[in-house]
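One structure is given below, encoded as structure tokens.
The values are calculated or read from the model by the stated rules, or taken from the named source; none is laboratory data. Note that the coordinates shown come from a computational prediction; the quantities given were computed from them, not determined experimentally. So basically every Cβ, Gly included, is an ideal-geometry build from the backbone, and we count neighbours across all protein chains shown.
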Amino acid sequence: MPSVSSAEPIFLSSNVGARATPLRPVVGGWYAIPAHRDEEPDAQRHERGRRREWLPFRVRVAAGEADLQRVAALRWAAYARHLPAPLVQPLAQAEALDREPGVAVLMAESKVDGELLGTLRLQTNRPRPLLLEQSYTLPPEMAQSPCAEVTRLAVASHPESRLVKTVLLKAAYRWCEAYGIRYVLVTARPPLDRQYARLLFRDVDPARGYVPLAHVFGLPHRVMVCDLARARQDGAGHPLYDFWFRTDHPDLEVGPEEGRPSTQSTRSNSSSGGWVLR
């Protein structure tokens, strides 16, 4: 992932007019958000103080085998930059879990040429336990609540990779919130664990530290959690608060088409899993 000085903005080509989009690094330079926003008039805002912002890429849920193979290629390329290629070779093909009920694979695609800029996978604990539970026992209250695990986060090696990462994680938050998820879990090694900590993820059990996990190549990872019921309260004053909670991004195409989910599980025809909380 390219290193960009936190003192200098980076610029993206944008389809909003012919202007470039300046970015402002935040949270110690690990993440980036647009420095200037395209705002609609007050009368068109959903509520006072909210903004609407258009991005140079869109985030959607993968639909079909062609999407999953593109995702697999990016995963392999991203993971092979940091881990031995033979270890991550299985990632060169879509995984069976990508097609399972209760799973959504998110894709960030450039509006300019359709290039895949980033991806992550969300697995809920319905109808099956999370993958991390093969190696790690969650507290009973957490295990019995609606949970989702973020896995296979991968971004292309581009100057805008930090913005893509930030937006993908916001999209994951939006998806989980829409589908009634209470706890969002991640597993991470250095330095990604520190990045998640900057986003207010906390260790499920600080005493355990780094735990070898079967579903991430048997490598030691921290198991971290964000409680969505407290996210707004805990995030007050955070550098990303306005971007996360007070800015609307129409390019995040990850929620239900209409209505607000309840807690009854149903099936849909989604090719990326088909199970949602409604």
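Data table
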| read-out | value |
| --- | --- |
| Any pair with Cβ under 7 angstrom, 6 or more apart, that starts in region 155-180 at a residue that is of a type in the set (S, T, N, Q) and ends at one that is surrounded by fewer than 24 Cβ atoms within 10 Å (Cβ to Cβ) and modelled with pLDDT of 95 or more | SER161/VAL155 |
| Flag if LEU200 is in contact with a Gly (Cβ under 8 Å, 6 or more places away or on another chain) and more than 30 Å from PRO90 (Cβ to Cβ) | yes |
| TYR136 among the aromatic types (Phe, Trp, Tyr), under 21 Å from ASP203 (Cβ atoms) and either in contact (Cβ under 8 Å) with a residue 40 or more places away in the chain or surrounded by fewer than 18 Cβ atoms within 10 Å (Cβ to Cβ) (or both) | yes |
| Residue that is surrounded by the fewest Cβ atoms within 10 Å (Cβ to Cβ) [pool: residues in region 187-219 that are under 14 Å from LEU130 (Cα atoms) and touching a His at 6+ places or on another chain (Cβ under 9 Å)] | LEU213 |
| Meets criteria (over 22 Å from VAL26 (Cα atoms), assigned to a strand (DSSP E or B) and modelled with pLDDT of 95 or more) for THR151 | yes |
| Index of the failed condition, VAL4 passing every other in (1) at pLDDT 95 or above; (2) in contact with a helix residue (DSSP H, G or I) (Cβ under 9 Å, 6 or more places away or on another chain); (3) surrounded by fewer than 18 Cβ atoms within 10 Å (Cβ to Cβ) | (1) |
| Residues of region 139-148 classified as in a loop (DSSP other than H, G, I, E, B) and either modelled with pLDDT under 95 or out of contact with any helix residue (DSSP H, G or I) (no Cβ under 9 Å at 6 or more places or on another chain) (or both), total | 3 |
| So THR124, is it within 24 Å of ARG162 (Cα to Cα) and in contact with a strand residue (DSSP E or B) (Cβ under 6 Å, 6 or more places away or on another chain) | no |
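Per-residue answers, yes or no, for (1) at pLDDT below 95; (2) part of a helix (DSSP H, G or I); (3) not small (Gly, Ala, Ser):
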{"residue": "THR137", "(1), (2), (3)": "no, no, yes"}
{"residue": "HIS158", "(1), (2), (3)": "yes, no, yes"}
{"residue": "VAL164", "(1), (2), (3)": "no, yes, yes"}
{"residue": "ALA171", "(1), (2), (3)": "no, yes, no"}
{"residue": "CYS176", "(1), (2), (3)": "no, yes, yes"}
{"residue": "LEU185", "(1), (2), (3)": "no, no, yes"}
{"residue": "ALA197", "(1), (2), (3)": "no, yes, no"}
{"residue": "HIS221", "(1), (2), (3)": "no, no, yes"}
{"residue": "ARG230", "(1), (2), (3)": "no, yes, yes"}
